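Asker: Encoded as structure tokens, here's the structure I'll be asking about.
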Amino acid sequence: MKITSLGYLRLESPEAKEWSTFGPEVLGLAVSEDPLGRDGTVALTNDDRPGRIVISEGRHNRLQRMGWEVPGADDLALAVEELERAGVAVRRATAEQCAAARVRDLVGFTDPAGFAHEVFYGQLVVPGSFRPGRAMSGFVTGAQGLGHIVLMVPDLAESLEFYRTVLGFKVSDEIDMGGERLVFLHVNPRHHTLAVAGVPGMRGLHHLMLQVGSVDDVGMAYDLCLDRKIPIAMTLGRHTNDRMLSFYLRSPSGFEIEYGWGADTVDEDQWVVTHMRSPSIWGHRPGDAPPPGCLEPGAGSRSS
Ligand SMILES: [Fe+2]
């Protein structure tokens with residue numbers, strides 16, 4: 001499957017409304033109009049594609065679905081063929097669902113962990129429309145997509161196999177975290193668009209990474225978190241694998257935001273997989289935030 005980037009995320013949260021200030025004032029995201037005009041739904045973006053991140057009011061903090069971009073209609077048709085060949089049930093979308101997602105066409109399916117995915121092509125772009133919610137330089141998107149996500153899955157080997165062989169992700173590297181493997185995967189020059197960690201019996205979104213254009217954007221967000229007493233999940237630090245300088249803050253919806261700058265990119269022709277024993281060269285010390293709260297029972301746990 002020819003996935004080229006992470007296009008969008010759809011989340012459910014009792015704290016959805018908080019994102020209307022947290023998104024623009026802390027993260028610098030722009031508020032987009034929700035095409036369905038729903039109360040209690042906040043649509044945000046980090047570039048000229050409106051509504052990349054949509055949080056809807058609901059009972060639980062939950063990743064509802066993630067949208068993966070393919071280049072065009074033929075690639076979407078091929079993706080459907082590949083999913084069906086792999087025995088995955090594919091859900092077609094109505095014209096209304098495509099319009100609400102601001103894409104030309106999409107299909108949905110569920111992965112072995114129970115996560116809902118969509119593959120789409122033809123996302124709406126409004127050139128020149130992005131205005132950050134606070135003074136900052138902007139975000140690194142384009143060919144690298146929205147950012148990266150780290151998912152917790154009940155069965156690491158099973159999920160990795162699915163993301164690699166069915167969705168077409170390529171391994172960038174791995175980090176051993178005290179006996180646990182954290183595996184990083186790419187589909188474009190971004191070092192990883194997806195990373196996966198095994199958490200027995202559970203699935204969830206650990207964090208969404210947003211990459212900013214300047215190191216000062218990171219420093220100013222750090223100050224804002226201190227001023228507003230927003231819980232820091234991990235202090236400033238630099239990662240070993242993608243060399244990103246970042247810190248992690250706790251979002252109103254349980255999962256964390258990694259706010260980073262300066263990551264290395266992947267040159268697919270030259271790339272060699274390595275593994276590391278530590279996630280950070282320096283920093284990334286635990287902060288004062290409670291543990292991640294965007295978890296639900298994983299599909300693997302239902303059969304056991
Ligand atoms: Fe990250």
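The values are calculated or read from the model by the stated rules, or taken from the named source; none is laboratory data. Quantities reported herein were computed from a predicted structural model and do not represent experimental measurements. Cβ placement follows ideal geometry from the backbone for every residue including glycine, while neighbour counts extend to all protein chains displayed. In case anyone asks, the SASA skips ligands and DNA or RNA and just uses the protein heavy atoms, side chains included. Shrake-Rupley method; radii C 1.70, N 1.55, O 1.52, S 1.80 Å.
Asker: Using the Cβ atoms and a cut-off under 13 Å, what net charge is assigned to the surroundings of VAL266, where Lys and Arg are +1 and Asp and Glu are -1?
Answerer: That works out to -3.
Asker: Tally up the carbon and sulfur contribution to the accessible surface of the chain as a whole percent, 1.4 Å probe, everything protein left in place.
Answerer: The value for the chain is 52 percent carbon and sulfur by accessible area.
Asker: Please compute the modelled spin-label separation between GLU268 and THR94, points set 7 Å along Cα→Cβ, answer in nm with one decimal.
Answerer: That separation, rounded to one decimal, is 3.7 nm.
Asker: Further question on the same structure: Which longest run of the chain has no exposed loop site in it, a site being GluC sites (Glu not before Pro) in a DSSP loop with at most 12 other beta carbons within 10 Å, and the site itself not part of the run?
Answerer: 34-267
Asker: Sticking with this one: Could you run the Karplus curve 6.51 cos²θ - 1.76 cosθ + 1.60 with θ = phi - 60° over segment 57-72 and give me ³J(HN,Hα) per residue in whole Hz, x for Gly and Pro?
Answerer: Ordered by residue, 3J(HN,Hα) equals 5, x, 6, 10, 7, 8, 7, 6, 6, 10, x, 9, 8, 10, x, x Hz.
Asker: Of the options SER253, GLY7, LEU106, report the single residue whose Cα projects farthest towards the positive end of the charge dipole of the chain (beta-carbon charges: Lys, Arg +1; Asp, Glu -1).
Answerer: Farthest towards the positive end: SER253.
Asker: Also, I was wondering about something else. Figure the gain on full extension for HIS60 and THR165 (residue separation times 0.36 nm, minus the Cα-Cα span) and round it to one decimal in nm.
Answerer: So the extension gain works out to 34.7 nm.
Asker: So, one more: Can you work out ³J(HN,Hα) from phi for every residue in segment 32-44, in order, using Karplus 6.51 cos²θ - 1.76 cosθ + 1.60 and θ = phi - 60°, giving whole Hz and x for Gly and Pro?
Answerer: Whole-Hz 3J(HN,Hα) from phi for segment 32-44: 9, 6, 7, x, 8, x, 6, 5, x, 10, 10, 10, 9.
Asker: Taking the alpha-carbon distance from LYS17 and a cut-off under 24 Å, which lysines remain once sequence neighbours fewer than 8 residues away in the same chain are dropped?
Answerer: Cross-link targets: LYS229.
Asker: Where only protein heavy atoms count, and the probe is 1.4 Å, what is the accessible area per residue for the chain in Å²?
Answerer: That works out to 43 Å² per residue.
Asker: Something else about it: Using helices alone, what [θ] at 222 nm do you get for the chain, with -39,500 (n - 2.57) per DSSP H run of 4 or more residues, divided over all residues and rounded to the nearest 500?
Answerer: -4000 deg cm²/dmol
Asker: Which of the three applies to segment 142-302, rounded, prolate or oblate, going by the alpha-carbon gyration tensor with a ≥ b ≥ c and a/c under 1.5 meaning rounded?
Answerer: Taking the square roots of the gyration eigenvalues as a ≥ b ≥ c, segment 142-302 is oblate.
Asker: For the chain, count all C-alpha to C-alpha pairs, find those more than 23 Å apart, and express that count as a whole percent of the total. Please list the in-between numbers first.
Answerer: Values: 24785 of 46056 pairs.
Summing the P(r) tail past 23 Å for the chain gives 54 percent.
Asker: Once label points are set 7 Å from the Cα along Cα→Cβ at both ASP288 and VAL215, what is their separation, rounded to one decimal in nm?
Answerer: The modelled label-to-label distance comes out at 2.7 nm.
Asker: If exposed means no more than 15 neighbouring beta carbons inside 10 Å and the site is in a DSSP loop, what's the longest run of the chain without any exposed trypsin sites (Lys or Arg not before Pro)?
Answerer: For trypsin sites (Lys or Arg not before Pro) (loop position, at most 15 other Cβ atoms within 10 Å), the longest site-free span of the chain is 135-228.
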